[in-house]
Structure formats: C-alpha cells, structure tokens
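Just below is one structure, and these are the notes that go with it.
The values are calculated or read from the model by the stated rules, or taken from the named source; none is laboratory data. Since we're looking at a predicted model, the values are computed, not measured. Cβ coordinates were reconstructed from backbone atoms using ideal geometry, including for glycine residues, and neighbour counts include every protein chain displayed.
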Amino acid sequence: MTVGSVDPQRNGFDPSTMLTDWDFGTLSEGEDGRPLRTFEVEAIDKEIEIAPGVMFPAWTFNGRVPGPALRAKEGERLRIIFRNYGSHPHSMHFHGIHSWRMDGVPGAGLINPGEEFIYEFDAKPFGCHLYHCHALPLKRHMHKGMYGAFVIDPDPELHPELAEVARSRLHGTPENARWQELVMVMNAFDTNFDNENELYAVNTVAHAYSNRPIRIEKSRPVRIYLVNVTEFDPINSFHLHANFFDYYDTGTTLTPTLKTVDLIMQCQAQRGILEFNYANHEAGQYMFHAHQAEFTELGWMGMFDVVEQ
Amino acid sequence: MNEVAPQSAISTSDRIRRFLWLLAPLLVLAITIAWIAAADPLKNFNNGAPPVEAVTFERTVLNSAGMQFQIRAGGSEAMTVAQVQVDDAYWMFTMTPAGPLARGSTAWISIAYPWVLGEAHRIKIVTQTGTTFEHEIAVAVPTPEATQGQLQQQAIVGAIVGILPVAIGLMFYPAMRGIGATGMSFVLALTVGLLTFLLVDMTFEALELAAEAAAIFQGQAMVLLAALSTFLLLMAIGRRAGRPEGIALASYIAIGIGLHNFGEGLAIGAAFAAGSAGLGTFLVLGFAIHNVTEGIGIAAPMVRNRPSLWVFVALTLLAGAPAVLGMWLGSLSYAPQWSALALGVGAGAILQVMVEVTSYFLRTTRQEGKYWLTLPVLSGFLIGVAFMYVTAALIKV
C-alpha cells in the first residue's frame with residue numbers, strides 16, 4: 001500500500017467525485033432541427049499528484065486525468081470545441097463513427113498550441129467509448145494523460161424490442177435513476193520514463209478507492225462504464241470479489257456479451273459495461289482490483305463499501 | 001640591541017601588511033558568494049527541468065522486523081522519498097529522519113516486509129519527481145548482529161584467514177636463516193612479487209568499491225589520494241632514522257600486510273552480511289593458503305638479525321589481527337566509501353614496503369658489487385606474483 005494521501009484540492013480533481021462526474025455539455029437545437037450537444041475541451045499542461053507525494057508532469061484535457069467523461073444520447077449531433085493551450089500539438093480522436101476529417105489524426109483535427117478545432121459528428125453507435133489524443137509520439141501522448149471516457153446512451157425509440165433496457169441506460173429517465181452508475185478509467189503512469197509503469201490506478205490516483213471506499217447501496221444495482229487506457233502493458237483487467245457480473249463488451253449491445261463472470265480483460269482502448277448488485281449480500285467492504293497481482297500492489301485496487309438502505 | 005629593535009618592528013609591520021594582502025582575495029571571494037546568492041545571475045539557466053536526484057543505498061539490514069536501509073541523498077537539491085516498492089509492490093514504510101533529505105545526508109527506511117530466506121528482493125524508491133532508485137538484495141539472509149557468539153565466530157574465521165597463515169609463513173624463518181646471498185635475493189624478490197600482486201589487487205578492489213559509493217565522496221579520487229598520502233606519510237616516518245632494515249623493515253611490511261588483511265576481512269564480512277558468500281570451508285582454506293606467503297615476506301628482511309620470539313608474535317598480530325577487525329566491521333557496518341578508503345590506505349602502505357624492500361635489496365647487491373636483475377631475482381619475483389595469482393583463484397567468487 002502507498003503511504004499518505006493525495007490532496008484533491010491541489011490536483012483540482014477528486015477520484016471519488018470523478019466516478020459520477022459526467023460532462024453532458026450544453027444541449028440546443030441544431031440547424032437541421034436535431035438536438036445539438038456542444039462540449040468544450042481544452043488541452044492543458046499540468047503537474048498532478050498521482051500517488052501520495054509523487055508528482056507527474058501530465059498533459060490533460062480540462063486540467064484533469066482522465067479527461068472529462070463526455071456523455072450524449074444516440075443520434076444527437078455532437079460538436080466538440082477543442083482548444084490547445086498545451087506546449088505540444090494535440091488532438092481528440094474519438095472512438096465512434098464519423099468522417100475522416102473529424103478523426104483527430106495528423107492532417108485531420110490535430111492542432112498546434114494556441115489553435116482551435118471543432119469536431120462535429122453524430123453520436124453513434126451507442127455504447128461505452130473513449131477519446132484520446134492521437135498526436136505523435138502516440139505512446140507518450142497516451143501515458144501523459146490525454147484520454148477520457150465517451151459514453152453514448154441508447155435511444156429507446158430506436159430499440160423497441162429492448163426499450164426497457166435502453167431506458168435504464170439513458171441518463172435522465174426514472175429507470176436510469178435507480179442505477180448507481182460509475183465511470184472508471186484504468187490508467188497507469190511511467191514516472192521515470194523508462195517505458196514501464198511505476199503506478200497503476202483507476203481514475204489516476206493509486207489506491208484512491210482503497211483509502212476511501214466507494215459507497216454502494218445494497219438495494220440499487222451497479223453499472224460501471226469501464227475503459228482501459230493503460231500504456232506499455234498489453235492488457236489490464238477487472239476482478240470483482242465475492243460477486244459476479246454481466247458484461248457488455250464495448251457497450252454496443254443491450255444484451256450481455258458475457259454472463260455471470262467475475263473477471264474481464266481489456267487491451268488498450270477496449271472498454272465495456274459491467275452490471276451487478278449486492279441485493280442479497282451482507283453489508284460490508286467488498287474488494288475489486290486488476291487480477292494482475294503486480295498492478296494490484298502498484299495501486300490498482302479499491303473497495304466497495306456496501307451499505308443497507 | 002638598538003639596531004635589532006627597529007628591524008623587528010619593520011618585520012612585524014611587514015607581516016601585518018602581508019596578512020592584509022592575504023585577506024584581500026578572501027574578501028573578494030566572500031563578496032562574490034554573497035552577490036551570487038542575492039542576485040542569482042544564473043537564474044536564466046533555469047530551464048524548468050526537475051532537479052537532478054541521486055540516491056545511494058549504503059547499508060541493508062534484514063531481521064525479524066523486516067528490512068531497513070540506510071540511504072544517502074546526493075541530488076542537486078534536497079529530495080523527498082515519496083513511496084517505496086518492494087518487489088514491484090508499494091509497501092508502507094517509515095523514514096527517520098522524515099521529510100526532505102538534504103544533499104549528502106542519510107536516513108533509514110524501515111519496511112515491515114516478510115522477506116524470504118535465500119531468495120532475491122528488489123527495492124525501488126520513488127521520489128517526489130517520479131524518479132526511481134533500485135537496490136537489489138541478491139540473497140536475503142538475516143544481517144549478523146553484534147552478539148558475543150557472532151563476534152567470536154567471526155574472530156575465529158578472521159584468525160584462520162589472517163593470523164594463522166602469517167604465523168605459518170614466519171615458521172619458514174629458521175630455514176631461511178641458512179641461505180646465502182643468492183637465496184636471499186630470491187626471497188626478497190619473492191616478497192616484492194607478492195606485494196606487487198597485493199598492490200594491484202587492492203587498488204582495483206578499492207576502485208570497484210569506490211564506484212558503488214555516493215558521488216559526493218568522489219570515491220576514485222579518494223582512493224588514489226589516500227594511497228598516495230599514506231605512502232608519503234609512511235615513507236617519511238620510516239626514514240626518520242635512516243633507511244629501514246631488519247626488524248624495522250619487517251614491521252613496516254607487517255603493517256602494510258595488516259592493512260591488506262583488514263581489507264580482506266572487510267570483504268569477507270560484507271559478503272557474509274550480504275549473504276553472497278556461504279563462507280564455505282573452501283573459501284576459508286583458500287584465504288589461508290593465499291596468505292602464507294605474507295609471513296615469508298615479513299621474515300625476509302630479518303634473516304641477518306636475531307629477533308626474539310615476542311617479535312615474531314608481535315609481527316604476526318600486526319599483520320594478521322586486522323583481518324578479525326575487518327570481519328567485524330565489514331559484517332556489522334558496511335558502507336562502500338569507508339571500505340574503499342581503508343583499502344586505499346592499505347594500497348599506500350603496500351607501496352611503501354615495496355619501495356623499502358626494493359631499496360634494501362638494491363643496497364645489498366650494490367655493496368656486494370653485483371648486477372641486480374639475476375635469474376634468482378627474476379624467478380623470485382615471478383613466482384611470488386604467480387603464486388598469489390593462482391591461489392587468489394581460490395578466493396575470488
């Protein structure tokens with residue numbers, strides 16, 4: 001275990017509040033009459049504390065690592081205004097369906113410091129996705145902290161056969177309000193730049209959720225939007241203690257792609273949705289962690305504090 | 001009287017003036033330091049890069065409480081140890097004194113880690129800037145503690161590798177007494193040969209250790225300067241009353257060899273503490289055979305004297321007992337820079353006796369009006385070097 005605690009005030013972000021801190025942007029009506037959702041994202045160089053006392057010179061989206069968890073609804077028009085206030089060229093490359101011009105690679109939305117670019121595309125397909133900087137060297141831009149979750153909720157009207165399930169995924173519905181939704185980005189940091197990670201975490205700060213367990217109410221189901229952006233190591237994993245879950249790989253289906261498992265693997269940029277509950281469990285502390293024991297002991301370990309009510 | 005007084009007055013004022021001139025450069029230096037500190041003219045060179053950090057692991061202790069390490073900071077600024085990994089896992093640790101480590105200062109890090117006997121462990125310190133410093137425990141064994149039993153056991157080993165072989169070597173003395181001029185040349189050349197081996201061996205050993213030490217000790221320069229200073233100091237002491245011969249020369253050889261055996265003791269003790277040497281019978285016997293020639297070397301210059309028995313006892317202890325001392329120090333408090341320093345001093349002492357034995361030998365041949373580089377001399381030297389080299393193969397692990 002790491003010694004001490006990280007000051008969220010100094011970092012400007014707190015792993016505990018990050019779990020439920022979605023960026024919904026601003027919703028308006030587009031020229032074609034469709035809903036238009038606008039996000040504003042800035043690339044900023046920032047030194048962050050990734051474990052007690054360990055500072056890391058990060059490149060960030062909106063001053064936080066991972067960047068803002070963007071959330072939209074299937075079929076909306078999305079507009080992302082991206083400004084580069086960093087010291088290097090950056091971009092936002094979205095995992096989704098869009099034109100090559102909006103891909104955020106060199107020659108298509110990769111901008112120099114001081115410049116601005118507006119990415120525009122439709123929110124599709126629904127699922128649990130991510131965005132990240134695609135500037136070269138890619139590895140460095142990834143592990144310096146330029147990534148974030150990008151979730152598209154399904155539109156129940158487009159999925160009449162599973163409308164109930166879709167509604168439970170759609171933010172703002174009463175069906176969705178029952179769920180305890182958490183966004184977790186599995187990341188790691190190479191603090192001495194030798195192409196090996198010294199620290200592993202979920203949402204950046206090593207051991208954050210073992211020092212401050214995540215409160216879970218027994219009676220409400222849990223849904224985790226899980227994204228892996230770990231650099232250098234080929235895979236990362238999620239293991240839930242004393243319980244099993246259903247898994248939706250990439251979140252692009254409304255029926256599970258894996259049923260009743262307690263461990264899933266993800267390669268870099270792989271992601272998915274986990275659904276489980278503690279309805280029949282005894283209240284108490286339940287662990288979750290990567291089942292690479294090395295990652296666990298280097299920071300990627302947390303606890304659910306399951307409570308009655 | 002009248003003439004002397006003004007002269008001394010002049011010389012006093014002269015002295016004051018000279019003293020004032022001495023102050024002038026020091027004053028300018030002080031002003032320069034104050035100006036650099038206050039105005040910081042080098043601030044434009046600050047490119048935003050993090051400070052350079054350096055950590056040296058000086059001591060490792062493994063016991064029932066876990067692991068303890070003494071580290072020394074050597075960065076460009078004070079540095080902070082943020083986290084500690086053992087075998088790629090973060091472990092709770094305590095550091096005394098806590099807080100930032102000033103350049104050159106030391107601290108102890110304690111970790112309640114359940115280390116495994118006979119296996120390897122890797123320690124990694126992560127500093128505030130994310131820089132890492134690694135230390136490997138090749139074979140984990142409990143660190144010897146200064147108990148009476150432990151000290152006694154080590155004293156026995158020290159006696160076997162240091163005192164016993166010197167005593168055995170000195171027992172050749174009666175046989176050596178009868179030898180003629182040729183035999184004498186052979187024995188003295190043999191002595192120089194073995195001393196040459198010791199000098200080379202010790203210097204490289206010292207430089208190797210020096211490389212492990214923290215940069216602020218400038219280990220390699222320290223070793224060479226310590227050797228040179230010791231050499232000059234011992235030369236000056238040895239020649240106060242003419243060139244040393246006989247028992248005096250034998251004593252200097254014993255001192256030089258004693259310092260070498262101290263270094264050997266340190267190495268065995270440290271290897272013992274680090275678990276890298278099982279200290280097998282083979283190794284101990286190797287040291288004993290290797291060191292027998294040392295006794296012959298001490299005996300050589302006394303062949304034409306008639307020393308009493310206590311002289312032999314004293315010489316044996318002078319040359320052999322430091323091995324015991326070295327064992328104790330090496331296993332209980334091992335820091336590479338102090339071992340390197342001890343070996344550097346030893347190398348200087350060996351060089352002094354090499355010079356003195358050679359000088360003694362050249363004087364004798366000159367008195368006898370002979371050419372010095374004869375077959376017995378050459379063969380004596382080469383056999384001395386070769387014997388030491390071959391027997392050293394037994395003790396190099």
I'm trying to understand the selection: among the residues of the range A:6-20, which are surrounded by 15 or more Cβ atoms within 10 Å (Cβ to Cβ) and either within 14 Å of chain B (Cβ to nearest Cβ) or assigned to a loop (DSSP other than H, G, I, E, B) (or both)? A:6, A:13, A:14, A:19
Residue B:55 fails exactly one of the following numbered conditions: (1) in contact (Cβ under 8 Å) with a residue 60 or more places away in the chain; (2) crowded, with 18+ Cβ neighbours inside 10 Å; (3) within 12 Å of another protein chain (Cβ to nearest Cβ); (4) not small (Gly, Ala, Ser). What is the number of that condition? (3)
Filter the range A:283-309 down to residues that are closer than 14 Å to residue A:215 by Cα and assigned to a loop (DSSP other than H, G, I, E, B) and give me whichever is nearest to the other protein chains (Cβ to nearest Cβ). A:283
Candidate set from the range A:182-239 (those that are of a type in the set (S, T, N, Q) and within 14 Å of chain B (Cβ to nearest Cβ)); member that is farthest from residue B:90 (Cα to Cα): A:195
Residues of the range B:56-87 being under 18 Å from residue B:139 (Cβ atoms), more than 31 Å from the chain's Cα centre (by Cα) and β-branched (Val, Ile, Thr), which ones? B:86
Residues that are surrounded by fewer than 24 Cβ atoms within 10 Å (Cβ to Cβ) and closer than 18 Å to residue A:226 by Cβ, drawn from the range A:123-142: A:125, A:129, A:142
Filtering the range B:75-98 down to residues that are more than 11 Å from every other protein chain (Cβ to nearest Cβ) and either surrounded by fewer than 16 Cβ atoms within 10 Å (Cβ to Cβ) or out of contact with any Asp or Glu (no Cβ under 8 Å at 6 or more places or on another chain) (or both) yields B:76, B:77, B:78, B:96, B:97
Pick from the range B:121-155 the residues that are among the hydrophobic types (A, V, I, L, M, F, W, C) and exposed (fewer than 13 other Cβ atoms within 10 Å of the Cβ): which of them is modelled with the lowest pLDDT? B:146
Can you name every residue in the range B:300-313 that is in contact (Cβ under 8 Å) with a residue 24 or more places away in the chain and under 19 Å from residue B:159 (Cα atoms)? B:311, B:312
Report, by residue number, each residue of the range B:120-159 that is closer than 30 Å to residue A:57 by Cα, more than 14 Å from chain A (Cβ to nearest Cβ) and free of Cβ contacts under 8 Å to residues at least 40 places away in the same chain. B:136
Return yes or no: is residue B:331 among the hydroxyl-bearing types (Ser, Thr, Tyr) and buried (at least 16 other Cβ atoms within 10 Å of the Cβ)? yes
For residue A:279, indicate whether it is of a type in the set (A, V, I, L, M, F, W, C) and part of a loop (DSSP other than H, G, I, E, B). yes
Residue B:301: passes all of (1) touching an Asp or Glu at 6+ places or on another chain (Cβ under 7 Å); (2) under 26 Å from residue B:178 (Cα atoms); (3) modelled with pLDDT of 90 or more but (3)
Can you tell me which residue is farthest from the other protein chains (Cβ to nearest Cβ) among those in the range B:105-119 that are in a loop (DSSP other than H, G, I, E, B) and buried (at least 17 other Cβ atoms within 10 Å of the Cβ)? B:115
Helices (runs of 4 or more DSSP H) within the range B:285-397 that include 2 or more residues under 14 Å from residue B:196 (Cβ atoms) and among the aromatic types (Phe, Trp, Tyr): B:375-395
Considering only residues of the range B:189-223 that are of a type in the set (A, V, I, L, M) and assigned to a loop (DSSP other than H, G, I, E, B), which is farthest from residue B:298 (Cα to Cα)? B:214
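Residue by residue, here is whether (1) more than 14 Å from every other protein chain (Cβ to nearest Cβ); (2) of a type in the set (Lys, Arg); (3) under 17 Å from residue A:133 (Cα atoms) holds:
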{"residue": "A:41", "(1), (2), (3)": "yes, no, yes"}
{"residue": "A:47", "(1), (2), (3)": "no, no, no"}
{"residue": "A:57", "(1), (2), (3)": "no, no, yes"}
{"residue": "A:60", "(1), (2), (3)": "yes, no, yes"}
{"residue": "A:68", "(1), (2), (3)": "yes, no, yes"}
{"residue": "A:72", "(1), (2), (3)": "yes, no, no"}
{"residue": "A:78", "(1), (2), (3)": "yes, no, no"}
{"residue": "A:90", "(1), (2), (3)": "yes, no, yes"}
{"residue": "A:95", "(1), (2), (3)": "yes, no, yes"}
Please find, within the range A:162-181, the residue that is nearest to the other protein chains (Cβ to nearest Cβ) out of those that are touching a residue at least 60 places away in the same chain (Cβ under 8 Å) and over 28 Å from residue A:287 (Cβ atoms). A:171
Meets criteria (free of Cβ contacts under 8 Å to residues at least 40 places away in the same chain, crowded, with 16+ Cβ neighbours inside 10 Å and not in a helix (DSSP H, G or I)) for residue A:264: yes
Considering only the range A:142-229, give the strands (runs of 3 or more DSSP E) lying wholly within it that have at least 2 residues that are of a type in the set (Val, Ile, Thr) and within 13 Å of the chain's Cα centre (by Cα). A:147-153, A:180-189, A:222-228
Inspect all residues belonging to the range A:224-237 and state whether any of them is over 27 Å from residue A:162 (Cα atoms), among the acidic types (Asp, Glu) and touching a residue at least 40 places away in the same chain (Cβ under 8 Å). yes
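Rundown of residues vs (1) polar (S, T, N, Q); (2) over 20 Å from residue B:67 (Cα atoms), yes/no style:
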{"site": "B:109", "(1), (2)": "no, no"}
{"site": "B:122", "(1), (2)": "no, no"}
{"site": "B:129", "(1), (2)": "yes, yes"}
{"site": "B:147", "(1), (2)": "yes, no"}
{"site": "B:156", "(1), (2)": "no, yes"}
{"site": "B:163", "(1), (2)": "no, yes"}
{"site": "B:169", "(1), (2)": "no, yes"}
{"site": "B:174", "(1), (2)": "no, yes"}
{"site": "B:178", "(1), (2)": "no, yes"}
